[in-house]
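Below: one structure, written as structure tokens.
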Amino acid sequence: MTLPESPITDDHIHIDPVNGRGIEAAKEFRRAGGTHLFLVTKPSWSCGVEPSQAGDFREVFDRTIAIAEQVRTAGLCVFVVLGVHPAEITRLSARMELGGAAALMRGALDLAAGYVAEGRAVAIKSGRPHYPVDDAIWVASNGVLAHALALGAETGCAVQIHAESGPCADVAEMADAAGIGRGRVVKHFATPDTPLVPSLIAKHEAIPALAREMRAFTMESDYMDENRRPGAVIGPKSVPRFTRRLFEAGELDEDDVFRIHAETPSRVYGVDISL
């Protein structure tokens, strides 16, 4: 059984022409059958930026947008997601007061929301540390995340969440308080028990069961594109490859593929995903 022609979308991928394979990784995604991708900002330090003020993130965001333009030359449809990696707070608070670090991150998110308002990006990235931190950093991080959710509500865009493994049920409550629908908050590297929109790593064993339940979810590779970590998290061709494998095994049908790769991300991000 051959996978029919359909959009194949990677909901969270990084392309890095400086530290990784760059456009060649994007071409590999396309050759495997990929058509659309959400290109997500890498942490500031990956770009050689050590921010001391919010405006320093403009270099990170502009670089992401420039990479998106390069990837489009490979025949792919690219949607840009800009924001601040939650681990930034650990690095920033090592060299400045915690309150200042959180304020810098909120300011950078304001900047990202401006790019969305200008049509240069489609979503904001935020979250909280996925590793143990002390209570003060946890509280400050949740404040940054709440600010991102409020910006999503104000700007009318989706928010991608990078956080600890698990449901993150309190983030759904934070979204309610911020006025952004839970259906516009994506849990990156999700587990199926989240009340947010799960973006599942392409090899996740729950994908067939969630498809049978008609659950709204997306698929991602979280490919880092770093030469020092080749194939991390999984390779750029993983989303099309696992989709094809599940379809050929009869674990996904044509409607499932369309719902995962076109219908759900189109609705969540407010974009057109079509061939």
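Bear in mind these aren't lab numbers, they're just calculated from the coordinates by the rules spelled out. Worth saying up front: this structure is predicted, and the values here are computed from it rather than measured. Ideal geometry is used to build each Cβ from the backbone, glycine not excepted, and the neighbour counts take in all protein chains shown.
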(request) Using per-residue counts of other Cβ atoms within 10 Å, averaged over each peptide, order 219-229, 103-113 from highest down. (result) 103-113, 219-229
(message) From the helices alone, meaning DSSP H stretches of at least four residues, give me the mean residue ellipticity at 222 nm for the chain, per-run term -39500 (n - 2.57), in deg cm²/dmol to the nearest 500.
(response) -12000 deg cm²/dmol
(request) Report the calculated FRET efficiency for ALA249 and GLN70 (r = Cβ-Cβ distance, R0 = 41 Å), to the nearest 0.05. (result) 0.75
(request) Would you calculate the volume per residue, in Å³, of the smallest convex hull containing every Cα atom of the chain? (result) 114 Å³
